[in-house]
1. Could you check the range 244-272 and list, in sequence order, the residues that are in contact (Cβ under 8 Å) with a residue 12 or more places away in the chain and either of a type in the set (Val, Ile, Thr) or in a helix (DSSP H, G or I) (or both)?
2. List pairs: first residue in the range 192-207 and assigned to a helix (DSSP H, G or I), second residue among the hydroxyl-bearing types (Ser, Thr, Tyr) anywhere in the structure, Cβ distance under 7 angstrom, at least six positions apart or on different chains.
3. Return a yes/no flag: does the range 168-191 have any residue that is within 16 Å of the ligand (Cβ to nearest atom) and part of a loop (DSSP other than H, G, I, E, B).
4. Which one of these is surrounded by 17 or more Cβ atoms within 10 Å (Cβ to Cβ) and either modelled with pLDDT of 95 or more or among the aliphatic types (A, V, I, L, M) (or both): Tyr274, Tyr260, Tyr282?
5. In contact with a Phe, Trp or Tyr (Cβ under 9 Å, 6 or more places away or on another chain), over 14 Å from Ser256 (Cβ atoms), among the aromatic types (Phe, Trp, Tyr) and surrounded by 17 or more Cβ atoms within 10 Å (Cβ to Cβ) - does that describe any residue in the range 1-9?
6. Can you find even one residue in the range 77-88 that is assigned by TED's automatic domain parsing to the domain that holds Ile135, buried (at least 18 other Cβ atoms within 10 Å of the Cβ) and either at pLDDT below 95 or under 11 Å from the mean Cα position of the chain (by Cα) (or both)?
7. Kindly indicate whether Val29 is buried (at least 17 other Cβ atoms within 10 Å of the Cβ), on the phi < 0 side of the Ramachandran plot and assigned by TED's automatic domain parsing to the domain that holds Val77.
8. Would you point out which residue out of Asp46, Asp88 is more than 16 Å from the ligand (Cβ to nearest atom) and over 26 Å from Ala7 (Cβ atoms)?
Amino acid sequence: IFYTMMALVNPGDEVIYPDPGYPIYSSAVRFAGGVPKPIVLREENDFRLDVDELKKMVTHKTKVIIVNSPHNPTGSVLNKEELKAILDLADGERLFILCDELYHRIYYGGEMAPSMYEFPEAKEKVILMEGFSKIYAMTGWRLGYGVLPPDLVPWFSKLQTNVYSHAPAFVQVAGIEAYNGPQDAPKAMVEEFKRRRDYIVPRLNSMDLVHCVEPKGAFYAWLNIKKLNRPSNEVAEYLLNEAGVALLTGTSFGESGEGYLRMSYAASMEDIKYGLDQLEKYLPKLVK
Ligand SMILES: Cc1ncc(COP(=O)(O)O)c(C=O)c1O
């Protein structure tokens, strides 16, 4: 994300990114002197980016459109037609797509979520971002990679050499082993995430005070708490301190996260059950 912004964005250039969305997008844009342009992902569209709205936001100043599917924090997934329509907005000279596919294989509708890289022209227009953190549960190892249009490689290499040099050699070896080795563990992990999702979503939707759109990928549930009529950070803090349940306030993911909380289900089923029991008990106490 950082290299894309440093390589492509000059002061005043615009970058469109999803809101709610991974918080590093807007901070990296600002660091490069760019202008972050949030596109709101709406609940009535199952939190999928609206391509028509996106088209209207593109100006001569737009340098990068950031796409994240499957999406953190909502779990929404774009279909092939939507990805293609977004891809068609880029020209690979003035406007590029940064496609964040960190959760590509954490998908519940098949083996892998649709990818922009399925279209041949993506090679000239898309900076594809992937990593080992999620699918191989290697978060602490700090290993990820990008696939770039060939013309951009020298600029990214220059940044890489000066900023990070390279990932530690033993971490690279671990990554190669993870990638080339048997894939039953990641597969089992995704099946387990699906089992947890299928438990969590109906339980949340059976509660009067919250509801949640079913996530199609990643491992987060995005809870609508608007009925409580309280700021999200206040609710998150209350649940942490009083109920012992840690949920992230929706506003950590941008302004349109107000009225939502993010729940991660990369936790044991036992903890999830306890957390949901606690929500059931403590949420009614917050009603004004
Ligand atoms: C959408 C998205 N992109 C990128 C990252 C960065 O992942 P990492 O730094 O662990 O490789 C994350 C981590 O949460 C994420 O959710």
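The values are calculated or read from the model by the stated rules, or taken from the named source; none is laboratory data. Keep in mind it's a predicted model, so treat the numbers as computed, not measured. Here the Cβ is made from the backbone with ideal geometry for all residues, glycine too, and neighbour counts use every protein chain on show.
1. Of everything in the range 244-272, those that are in contact (Cβ under 8 Å) with a residue 12 or more places away in the chain and either of a type in the set (Val, Ile, Thr) or in a helix (DSSP H, G or I) (or both) turn out to be Val245, Thr249, Gly250, Thr251, Ser252, Phe253, Glu255, Ser256, Gly257, Met269, Ile272.
2. Note: pairs meeting the criteria are Phe193/Tyr265; Lys194/Tyr108; Arg196/Tyr265; Arg197/Tyr108; Arg197/Tyr265; Ile200/Tyr265.
3. Yes, the range 168-191 has at least one match.
4. From the options Tyr274, Tyr260, Tyr282, the qualifying one is Tyr260.
5. Taking every residue of the range 1-9 in turn, at least one turns out to be in contact with a Phe, Trp or Tyr (Cβ under 9 Å, 6 or more places away or on another chain), over 14 Å from Ser256 (Cβ atoms), among the aromatic types (Phe, Trp, Tyr) and surrounded by 17 or more Cβ atoms within 10 Å (Cβ to Cβ).
6. Yes.
7. In short, yes.
8. Answer to the selection: Asp46.
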